[in-house]
1. Contour minus end-to-end for S114 and A143, with contour as 0.36 nm per residue of separation and end-to-end as the Cα-Cα distance?
2. Just grab the label-to-label distance for S100 and H85, each label 7 Å out from Cα along the Cβ direction, in nm (one decimal).
3. What full-extension length gain, to one decimal in nm, is calculated for I151 and D167 as 0.36 nm per residue of separation minus the Cα-Cα distance?
4. Would you list V78, V96 from fewest to most Cβ contacts within 10 Å?
5. Applying the Karplus parametrisation 6.51 cos²θ - 1.76 cosθ + 1.60 with θ = phi - 60° to the phi angles of the range 69-78, what ³J(HN,Hα) value in whole Hz is obtained for each residue in order, glycine and proline being reported as x?
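Only the coordinates and a few stated rules stand behind these numbers; no lab work does. Being a predicted model, the structure only gives us computed values, none of them experimental. Note that each Cβ is placed from the backbone with ideal geometry, even for glycine, and that neighbours are counted across all protein chains shown.
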Amino acid sequence: MANRARKVAMAMAMAGGLLAPSAGSAAQAMRYGGDANRAHVRPTTAAVAALIDRAMEGSATFRQIVQTIDGSDTYVYVLEGDCGHGVRACFSGVTVAGASRIMRVTLALDAGRSEWDLIGSIGHELRHTIEAIDDPTVRSTDAQYFLYERIGFKGTTHSRETTAAMDAGNAVRAEIRRFARPVTSK
């Protein structure tokens with residue numbers, strides 16, 4: 001029961017985020033011509049915002065994923081947290097607020113993980129949200145579960161996976177790693 005109350009409270013807080021102005025980063029404001037409120041991918045902490053800003057700067061694949069989400073009816077909140085079962089990032093839920101869908105991605109900010117790996121995990125999970133966005137019947141976490149039962153394959157004991165999300169995460173990781181390398185002149 002406490003878990004359900006926590007989920008309801010989280011959904012209400014996120015729905016409130018649709019009505020209140022976003023405290024988006026400077027990079028978000030620049031991306032949207034000064035209007036960060038248009039951003040449909042919404043980091044919930046400064047640490048996550050910094051990772052998303054870095055991803056937008058260094059990965060064309062990540063920018064395309066965000067552009068696709070921005071063109072939808074969906075807002076994706078990227079939270080710091082624990083997915084459980086040893087999973088370090090997850091597409092953790094779907095709910096509805098009016099005509100909009102609210103989706104949650106959770107990311108464990110492990111001290112031992114590199115920036116490029118964390119960013120790749122965000123890209124991977126955001127690609128999963130696009131899979132759900134593409135199916136208008138996915139309007140709850142239960143519907144999300146059944147979507148991945150239908151389109152996914154067994155990733156771990158407690159998760160389903162898709163090739164598209166794996167490919168997106170790997171592409172983002174590679175682009176960020178290339179972007180991070182210093183350019184040397186000969």
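1. Details: separation 29, 0.36 × 29 = 10.44 nm, distance 3.29 nm.
Full-extension gain reported as 7.1 nm.
2. Here the modelled spin labels are 2.9 nm apart.
3. Full extension from I151 to D167 adds 4.2 nm.
4. V96, V78
5. Those phi angles translate into 5, 4, x, 10, 8, 10, 10, 10, 9, 9 Hz.
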